[in-house]
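Structure, as structure tokens:
Since every read-out is calculated from the coordinates, none of them should be taken as a lab result. All values derive from a computational prediction rather than experimental measurement. Cβ atoms come from the backbone with ideal geometry, glycine included; neighbour counts cover every protein chain shown.
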Amino acid sequence: MWGPRRINDAAYIEMVLKESVNVARATLLHVHTHSFKTNGGVSGVAVLAESHISVHTWPELGFAAFDIFTCGNTDPRAAIANMTSAFAPDRVEVREILRGEKS
């Protein structure tokens, strides 16, 4: 995401991660965020029974990267929509990589 809002707010990011897990119909096992004092960035992970969602932010660059790895009966696109709504970025780029398939 380029130009997302509130990417230096660890509590907000944690809330959005939890909401995203819920709308994706995934099972949250644990969530952890860490704020960096040097640049105000935040890293976080929501550990799921179905895998994980992670985030790394660079407020000084106006950029946030999210990785959503899921399996089973989940809806990662719903998580993407929730994050897009929550962070209101100027631009979003999504790359879908199917794991476990031979290339």
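Things to note:
- Qualifying residues in the range 1-22 (those that are under 18 Å from VAL47 (Cβ atoms) and surrounded by fewer than 17 Cβ atoms within 10 Å (Cβ to Cβ)) - the one farthest from the chain's Cα centre (by Cα): ASN22
- Residues satisfying the stated conditions in the range 73-103, i.e. more than 24 Å from TYR12 (Cα to Cα) and touching a residue at least 40 places away in the same chain (Cβ under 8 Å): ASN73
- Checked against (1) closer than 19 Å to ARG91 by Cα; (2) in contact with a strand residue (DSSP E or B) (Cβ under 9 Å, 6 or more places away or on another chain), GLU60 passes all but a single condition, namely (2).
- Scanning the range 25-34 for residues that are touching a Lys or Arg at 6+ places or on another chain (Cβ under 8 Å) and either buried (at least 23 other Cβ atoms within 10 Å of the Cβ) or closer than 12 Å to GLU50 by Cα (or both) returns a single hit, LEU28.
- Residue that is farthest from ILE7 (Cα to Cα), among those in the range 90-103 that are assigned to a loop (DSSP other than H, G, I, E, B) and charged (D, E, K, R): LYS102
- Considering residues of the range 1-15 that are out of contact with any Gly (no Cβ under 7 Å at 6 or more places or on another chain) and assigned to a loop (DSSP other than H, G, I, E, B) only, the residue nearest to ALA64 (Cα to Cα): MET1
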